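As structure tokens, the structure follows; a few thoughts come after it.
The values are calculated or read from the model by the stated rules, or taken from the named source; none is laboratory data. What you see is a predicted model; the values in this text were computed from it and never measured. In this analysis, Cβ positions are derived from the backbone assuming ideal geometry, glycine residues included, and neighbour counts consider all displayed protein chains. Just the protein is used for accessible areas: all its heavy atoms, side chains included, with ligands, DNA and RNA removed. Shrake-Rupley method; radii C 1.70, N 1.55, O 1.52, S 1.80 Å.
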Amino acid sequence: MIILGLDPAIRTTGYGVIEMQSSSRARILDCGVIRNHGRMPHSECVRRLAGGVRELIAAFHPDCASLESPFVGDNARTAIILGMARGAILTALAENNIAAYAYAPIVAKRAVTGLSHARKEQVALMMANEFSIAVSDIPDDATDALALALCHGQRAMQTQLDLLGTPL
């Protein structure tokens, strides 16, 4: 099963693509970021983000996708902008009939580190260990995306695709 993990943001969306071979064995296919410059209008960022996800879909043909579940902080403007990024991603996935599942950050962190409130550095170390790559080879924004993909993969393999995460 090939899983596309995505950590949405309007300027820098992290992604990780893994192949689950069993509930305890996964292989990394790619990880990186879809980057938009700070001066770009949001409409251009959304277009580029959807295009980047479409390129990942064409390159890796994922069976499903795993995203960070939305959160609403104190800043409504930030929540709206994050919603735009998620909308672009979900549109690209839906256009390609790829099921998407959402996981809270604490769920993904607990799945890969055993700690709900693990720091980004701890998640990066675990991902590097899991996939036998150097921590420096994982872009910061891709760390959580890999954790989201692995979290979903572990659950999917354990439950044989019954009731996974929150379908989007």
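Pairs of C-alpha atoms in the stretch 1-59 farther apart than 15 Å represent 51 percent of all such pairs. With contacts taken as Cα pairs under 8 Å and at least 6 residues apart, the chain reaches a relative contact order of 33 percent. Accessible area per residue for the stretch 23-168 is 54 Å², calculated with a 1.4 Å probe on protein heavy atoms, without ligands, DNA or RNA.
Probe 1.4 Å, all protein chains in place: accessible area of residue 45 in Å², nearest 10? Approximately 0 Å² of residue 45 is accessible to the 1.4 Å probe.
The C-alpha atoms of the chain define a longest principal axis, and helix 42-60 lies at about 30 degrees to it. For the residues 71, 60, 131, a GNM of the chain with alpha-carbon springs under 10 Å puts the largest fluctuation on 71.
If the chain linking residue 133 and residue 61 were pulled fully straight, counting 0.36 nm for each residue of separation and taking away their Cα-Cα distance, it would gain 23.6 nm. Between residue 25 and residue 122, residue separation times 0.36 nm minus the direct Cα-Cα distance comes to 33.0 nm.
Efficiency by 1/(1 + (r/R0)^6): what FRET value for residue 95 and residue 71, r their Cβ-Cβ distance, R0 = 30 Å, to the nearest 0.05?
0.75
Between amide H atoms placed 1.01 Å from N, distances below 5 Å from residue 66 occur with 4, 5, 6, 101, all of them 5 or more places distant or on a separate chain. Helix 140-159 sits at what angle to the longest principal axis of the chain, using alpha carbons and giving 0 to 90 degrees rounded to 10? Once rounded, the angle reads 50 degrees.
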